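Asker: Would you mind keeping the following structure in view while I ask a few things?
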Amino acid sequence: MKRKFLLTVFVLTLALLTVNASRESSEIKRMGIFISNFTELGMFEIDIDSIEDTDLILFGIGHNVINNPKSTVKKCTLPNCEYGPSLMSASSVAESVKKYFDVEVKHKSVIGHIPDAIYDGNSYHFDAKEWKDDTIYYAEVQEVNSKRGIVEMSGELYNIKKKSDRPAYFTATAKKYKWKGKNTWSILSLSVEWKDH
């Protein structure tokens, strides 16, 4: 009887450990996806205390071009479309910025950058093709530390076309955050160190 009880306890403990390990693995995968939202756009250095509206606007547009094109990118209907063939509402840009940075963005035209985006008071005009880079890097989170609502993550960047191509390490901090009722994070800092430097 005692042996049967101990066996039951062992099986239940093992099952609990397996469930916890699975949850932890799933959480780390989600963290990698979170960080990849920045690295896929070539954002390799972020400091929330000094980030500028220009960077936030470019993130908001780029994020939607890559991840939500069908719902956010419209065709320009103006004659000649002198400011670019693509159009995105300022609210779509602001929503992405709020979701990933937890800040309010001040809308304005972004000129002198590649890509540019012209703000008309309601929408941004641009060329969506300029946001699609040939080489895109995703993040693989390998270590996580969490304390008082702040999460530290570190790992490697990899080329999405060749996962063995891992040219850089990254470290990031984010705060735990609720977005539309779901647990997520908002970025505080991101730093990338390239291996060949």
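Asker: Determine which single condition P79 fails, assuming it passes every other condition in (1) more than 23 Å from E45 (Cβ to Cβ); (2) surrounded by 15 or more Cβ atoms within 10 Å (Cβ to Cβ); (3) of a type outside the set (A, V, I, L, M).
Answerer: For P79, the failing item is (2).
Asker: Any chance you could count how many residues in the stretch 52-75 are among the acidic types (D, E) and without any contact (Cβ under 8 Å) to a residue 40 or more places away in the chain?
Answerer: Residues meeting the conditions: 2.
Asker: Before we move on, is K108 over 15 Å from the mean Cα position of the chain (by Cα), surrounded by fewer than 19 Cβ atoms within 10 Å (Cβ to Cβ) and free of Cβ contacts under 8 Å to residues at least 40 places away in the same chain?
Answerer: no
Asker: So, one more: Scan the stretch 122-143 and give yes if some residue there is closer than 26 Å to K163 by Cβ, at pLDDT 95 or above and polar (S, T, N, Q), otherwise no.
Answerer: Yes; the residues of the stretch 122-143 include at least one that is closer than 26 Å to K163 by Cβ, at pLDDT 95 or above and polar (S, T, N, Q).
Asker: Taking the stretch 138-197 only, how many residues are within 16 Å of E27 (Cα to Cα) and part of a loop (DSSP other than H, G, I, E, B)?
Answerer: Total satisfying the criteria: 1.
Asker: Could you list all residues from the stretch 157-177 that are closer than 20 Å to Y100 by Cα and without any contact (Cβ under 8 Å) to a residue 60 or more places away in the chain?
Answerer: Result: T171, T173, K176.
Asker: Only one of I187, I114, I160 is crowded, with 16+ Cβ neighbours inside 10 Å and either farther than 19 Å from I48 by Cβ or in contact with a strand residue (DSSP E or B) (Cβ under 6 Å, 6 or more places away or on another chain) (or both); which?
Answerer: I187
The values are calculated or read from the model by the stated rules, or taken from the named source; none is laboratory data. Not measured: the values here are computed from a predicted model. For neighbour counting, all protein chains shown are included, and Cβ atoms are generated from backbone atoms with ideal geometry for every residue, glycine included.
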